[in-house]
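K.L.:
The structure's right below; bear with me while I get my questions together.
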Amino acid sequence: MIGTKKMNSKKTKTPQKNPKYKILFVSSELHPFAKTGGLGDVSNSLPKALKNLYQDIIVLIPAYPFAVQKAGTIKHIAKINLPLKGFPGHLGLPIIEGKKNSVSIIETLLPESKVKVWMVESEIYNRPGTPYFDDNNREWDDNDFRFALLNYVAVEIAMGRIGLEWQPDIVHGNDWQAGLIGALLEDEHLSKKNMRPATVFTIHNMAHMGVYSKDRFDALELPKHLWNHHELEFHDDFSFIKGGLVFSDRVNTVSPSYAEEIQHEEFGYGLSGLLSYRSERLSGILNGIDMKEWNPAKDTMITKNYSIKTLDNKQKNKSAVQKHFNLPKKKNTILLGIVARLVYQKGIDLVLEHMEEILELPVQIVVLGSGDLELESRLRQWVNNYPEKIQIQLGYDESLSHLIEAGVDAFLMPSRFEPCGLNQLYSLRYGTVPIVRETGGLGDTVIHASKKNLNNHTATGIVFHESKGSTIVDAITLSSLLYQNKDVWKKLMITGMKQEYSWKESAKKYLKLYGQAIKDRNKYKKHAPVAL
Ligand code: ADP
């Protein structure tokens, strides 16, 4: 009997169960090589999860110097001559001396996986800073050139023109930096009558649309016929993301609620009409988390490992966070954490407006982040006035972000909108109670600590509705009250830790989406509505 059982369980794992696709996954970020936010995490863990489902997947990113440096072993595998006349030597922007229209592809592996990474090597990426900004947080003024280049290279690979025996069935583009791929591949099909792979486009954030002028459209040598309101043109400029939305065989976002929200004016950034027009092709698939990298029982970046069984050890991480930030230990005081890009989206200004009231409560706050200079300086002022209650570390620090997740009692995410959000998922896994606004993926993943939900053991955090400072004060007040009742708080922590947000289920949903994209290929309707 035992033998039979074993055979059966083996059978369910056979690779034949899922279709096997060749997938080119195109992104501007890839943790640990290049990351500014959630896109970097997803580009790492989704391809790994797909590889575990026996998919043949390659991730394509620019060869930023900091990415190449972190990659370790690399090899040159191809040189591509792009079918472009002068790009990117227009408008006084950097010309790639002597090799104007050619780039190289270098190959490496994603750490702790067998996922291949191809990096596009070009002078235009050879700069310090982040993928998008210089060291002073100013956006590179030729990001349209930099990412259009990535798109052109993706198209050459997609069409099997780079001399390697690998051509994808699916090209999966992510965010505006990969938005032109769908448009360029549809052009291969319509104008040049070439069979193209199917295309999937994932929106990680509608707020970033890649909008540039007509001059740049011409300089980028984009097919001229795409300049119309139904296709790339957007209010006399053009938009990269619109290319992904109009032309991709399937479009998705990173949570079901966000897929719904962006079809409304408030969240659609002028493209809600287009998105609802394409609603049959639009869906939401919740992000997962990398369960190995974010595991409090094994995390090497935290002070003391813990699990549900050894929950008391979490306290040692709290002490370590307080020590790191020079905060005194105080009894019955809830320690709140924020790790985020300090930008409008994240609602930090709403917290700042009511900081006086918040700091009167028995709370301490630690913030790790960088971004908007005004938000940074307003936060610093509060630190100067209340150093025993609030501390901030500006900049990006992966290790400290793990320690904060492990050490704080509650994690604050008062976002105005949040396509999925990853930190609330990390918080749940670390027994750190998330305090979130009900928007996008935050509402999809955190269950409010109402009496009923506490009684039936489903509550995992504190959820508030309105995007208002006073509501945030109420939510923090409630958290602080619940925190005083150790049994209730422990129940919240443990229910959160039992939630399952691994990538496995979501990766299966992506496989289904790829299948749908292949079926839908070339059924693009020419007359998408004009952006209002
Ligand atoms: P977004 O993509 O909008 O920035 P997400 O919650 O989806 O938001 O993902 C943010 C990711 O970036 C998380 O992994 C978070 O821990 C990380 N992160 C953001 N700011 C910092 C920082 N200053 N230092 C370290 N990690 C950060």
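K.L.:
Let me confirm something: among 121, 112, which residue is over 27 Å from residue 228 (Cα atoms), open to solvent by 50 Å² or more (accessible area, probe 1.4 Å) and either touching a His at 6+ places or on another chain (Cβ under 9 Å) or not assigned by TED's automatic domain parsing to the domain that holds residue 75 (or both)?
P.N.:
Among 121, 112, only 121 is over 27 Å from residue 228 (Cα atoms), open to solvent by 50 Å² or more (accessible area, probe 1.4 Å) and either touching a His at 6+ places or on another chain (Cβ under 9 Å) or not assigned by TED's automatic domain parsing to the domain that holds residue 75 (or both).
K.L.:
Then there is this: Which of the residues that make up the range 428-439 are touching a strand residue (DSSP E or B) at 6+ places or on another chain (Cβ under 9 Å) and part of a loop (DSSP other than H, G, I, E, B)?
P.N.:
Selection gives 430, 432, 438.
K.L.:
OK, next. State yes or no: is residue 291 assigned to a loop (DSSP other than H, G, I, E, B), of a type in the set (A, V, I, L, M), at pLDDT 95 or above and more than 30 Å from residue 264 (Cα to Cα)?
P.N.:
no
K.L.:
Given the conditions (1) assigned to a helix (DSSP H, G or I); (2) not assigned by TED's automatic domain parsing to the domain that holds residue 409, report the number of the one that residue 323 does not fulfil.
P.N.:
Of the numbered conditions (1) assigned to a helix (DSSP H, G or I); (2) not assigned by TED's automatic domain parsing to the domain that holds residue 409, the odd one out for residue 323 is (2).
K.L.:
Go through (1) surrounded by 20 or more Cβ atoms within 10 Å (Cβ to Cβ); (2) not in a helix (DSSP H, G or I) for residue 207 and report which single condition fails.
P.N.:
The one condition residue 207 does not meet is (1).
K.L.:
Is there any pair linking a residue in the range 26-45 that is β-branched (Val, Ile, Thr) and within 11 Å of the ligand (Cβ to nearest atom) to one that is at pLDDT below 95 and assigned to a loop (DSSP other than H, G, I, E, B), with Cβ under 7 Å and at least six apart or on different chains, and which?
P.N.:
Hits for this filter: 36/130.
K.L.:
Taking the options 469, 440, name whichever one is open to solvent by less than 10 Å² (accessible area, probe 1.4 Å) and touching a Cys at 6+ places or on another chain (Cβ under 8 Å).
P.N.:
440 is the lone residue from the list that is open to solvent by less than 10 Å² (accessible area, probe 1.4 Å) and touching a Cys at 6+ places or on another chain (Cβ under 8 Å).
K.L.:
So if I check each of 134, 187, which one is free of Cβ contacts under 8 Å to residues at least 40 places away in the same chain, charged (D, E, K, R) and surrounded by 16 or more Cβ atoms within 10 Å (Cβ to Cβ)?
P.N.:
187
K.L.:
Please pick out the residue among 266, 261 that is under 25 Å from the mean Cα position of the chain (by Cα) and surrounded by 20 or more Cβ atoms within 10 Å (Cβ to Cβ).
P.N.:
Exactly one of 266, 261 is under 25 Å from the mean Cα position of the chain (by Cα) and surrounded by 20 or more Cβ atoms within 10 Å (Cβ to Cβ), namely 261.
K.L.:
Mind checking whether some residue in the range 243-254 is part of a strand (DSSP E or B), open to solvent by less than 50 Å² (accessible area, probe 1.4 Å), in the same structural domain as residue 57 (by TED's automatic domain parsing) and within 16 Å of the ligand (Cβ to nearest atom)?
P.N.:
yes
The values are calculated or read from the model by the stated rules, or taken from the named source; none is laboratory data. Nothing here was measured: the structure is a model prediction, and the numbers come from that model. Ideal geometry is used to build each Cβ from the backbone, glycine not excepted, and the neighbour counts take in all protein chains shown. Just so you know, the surface numbers come from the protein's heavy atoms only, side chains and all, with ligands and any DNA or RNA stripped out. Shrake-Rupley method; radii C 1.70, N 1.55, O 1.52, S 1.80 Å.
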